[in-house]
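Derivation of every value follows stated rules applied to the coordinates shown; laboratory data play no part. Remember, it's a predicted structure, so these values are computed and weren't measured experimentally. Reconstructed Cβ throughout: ideal geometry from the backbone, glycine too, with neighbour counts over all protein chains shown.
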Amino acid sequence: MKELFVKTEQQRHWLEQLASIAEPIKAEAREVDEQSRFPLEAHKLLQQIDYPKLTLPKEYGGEGLSVYDMVLIQETLASYDENASLSLGWTLGVIGELYEKKLWAEDLLQVFAKEVKAGATINRAASEAATGSPTRGGRPGTNAVSTTNGWLLNGRKIFTTASPVLDYFLTSAWVEEKGQVGFFLIHKDVPGLSIEENWEMSAMRGTSSHDLVLQDVVVPHKYLVELPSHPSGGKINGWLLHIPATYLGIAQAARDYALHFANHHQPNSLNAPISSLPNVQQLLGEIELKLQQARFVIYGVAEAYDDSVRRETLTNEIAVAKHTVTNIAIDVVDKAMRIVGAKSLQLSNPLQRYYRNVRAGLHNPPMDDMTIIKLATSAIEQQKNSEKQ
């Protein structure tokens, strides 16, 4: 079914690249979850195929993948190991956004491109315990003070996904003298930066989203790289579609397992595998329907975003795709477990891992309630404006 959405030879090339390293990544996924550790083998293999530079534009020496391309690749990787997909997806998304929107000065973009081509990884460190998701507008407790030596930063960030392997942290802080939030580019080896390994979750255990601790960290003045006018950046960001792409990949993996099980599991009370039963076929059909619905939404939005003209007409579509795909993915995993039955809860069964991990999507931005409220307020304003015309 996914083959319908493969459109270019470049996409096929990268799907083949992923397929060539699929088995060791799949083999590590269970251990990663059980031990709550980062998928280091997957990370190494992805580095070997230059995964971090996929969304770096070609003019900067990258592969120049579009949002649509990224969704396709991320979905596939997530069907192998969802922890690796979500972790590396943040690097792809941040790099894609940085260079598309030219968020930094050109000289810094040029210098950082060399780091990316050498395999550097990056993620935004913006969430804090007191503020929750930065998209809700809370003022960060992390603060930055200008000194003669540079910016002095102190604070703590939570949910720093892929923290064990990140080379750079794009960290938000309150800049008192400017009266607003700024983002600072901080290298992992700067004195005073540390990772507190406290990621104790039942879902996405392998993302190692530990706390980032900054204690009297000094960074050069030029590394105050962003002063956004809005906590979430303001402009629509299609690169965030790497998030629902990961959860769609989980749903695909659950579907594949349940379908294989249904075609091979035959209790002695039956003369054929359980895939011959009407109730199982009903569930399998519903799964196929849900996956097609999810794909047409996410790939349709990605395609619209990649078109510079159509992009200008987008408003809430990125959030709609995330909401739709994530909730469909949860439903698909649930139906897959109903097909497999109690065996799906065995710790040796991947479905119980998919069940826990797919629900993490509800807590990635944007959250469902914000999406629904935004859709409502947009509709209200549109109706009011139409009456004025």
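Please give the net charge around residue 3, taking every other residue with its beta carbon less than 12 angstrom from that of residue 3, where Lys and Arg add +1 and Asp and Glu add -1.
Here the count lands on +4.
Give the label of the value calculated from the structure for Cα extents along the principal axes in Å, choosing from [x] 58, 52, 42; [y] 58, 44, 37; [z] 80, 59, 42.
[z]
Could you grab the relative contact order for the chain? Cα pairs under 8 Å, six or more apart, rounded to a whole percent.
Result for the chain is 16 percent.
Quick check on the exposure proxy: order 21, 95 from fewest to most C-beta atoms within 10 angstrom.
Lowest to highest Cβ neighbour count: 21, 95.
Arranged from highest to lowest average of other beta-carbon atoms within 10 Å per residue, in what order do the peptides 264-271, 293-300, 55-62, 357-364 appear?
Ranking the peptides 264-271, 293-300, 55-62, 357-364 by packing returns 357-364, 293-300, 55-62, 264-271.
What ranking of 330, 250 emerges when the number of other C-beta atoms within 10 Å of each C-beta is taken as an exposure proxy, fewest first?
330, 250
Can you tell me how much longer the chain between residue 331 and residue 374 gets when fully stretched, taken as 0.36 nm per residue apart minus their C-alpha distance, in nm with one decimal?
Once the chain is fully extended between residue 331 and residue 374, it gains 13.1 nm.
So if R0 is 22 Å, what FRET efficiency would residue 307 and residue 101 give, r being the distance between their Cβ atoms, rounded to the nearest 0.05?
Here the calculated transfer efficiency is 0.85.
Determine, for each peptide in 278-290, 82-94, the mean count of other beta carbons within 10 angstrom over its residues, then list the peptides with the highest first.
Those peptides, ordered most packed to least, come out 82-94, 278-290.
Using the membrane-span-like helix rule (whole DSSP H runs, Cα extent along the own axis of at least 18 Å, mean Kyte-Doolittle hydropathy at least 0.5), which helices of the chain qualify?
67-80, 317-340
Once you list every other residue whose beta carbon is under 11 Å from the beta carbon of residue 248, what net charge do they have if Lys and Arg are +1 and Asp and Glu are -1?
On the way: positive: 2, 255, 290, 295, 322; negative: 75, 82.
Its environment carries a net charge of +3.
Using only alpha carbon pairs under 8 Å that are at least six residues apart, calculate the relative contact order of region 251-305 and give it in whole percent.
Value for region 251-305: 25 percent.
What length, rounded to one decimal in nm, is gained on full extension from residue 270 through to residue 63, with 0.36 nm per residue of separation minus their alpha-carbon distance?
69.3 nm
How would you rank 201, 70, going from fewest to most other Cβ atoms within 10 Å of each one's own Cβ?
201, 70
Round to a whole angstrom and tell me the spacing of the C-alpha centers of region 191-223 and region 305-329.
30 Å
Sum -39500 (n - 2.57) across every DSSP H segment of at least 4 residues in the chain, then divide by the residue count to get the 222 nm mean residue ellipticity, nearest 500.
Taken over the chain, the calculation gives -16500 deg cm²/dmol.
Under a crude label model (7 Å from the Cα following the beta-carbon direction), how far is residue 110 from residue 363 in nanometres?
4.4 nm
In terms of Cα to Cα distance under 21 Å, which lysines are near enough to residue 335, apart from those fewer than 8 places away along the same chain?
Straight-line reach from residue 335, under 21 Å: 2, 290, 322, 343.
Given an 8 Å cut-off on Cα distances and at least 6 residues of separation, report the relative contact order of region 1-143 as a percent.
Worked out over region 1-143, it gives 22 percent.
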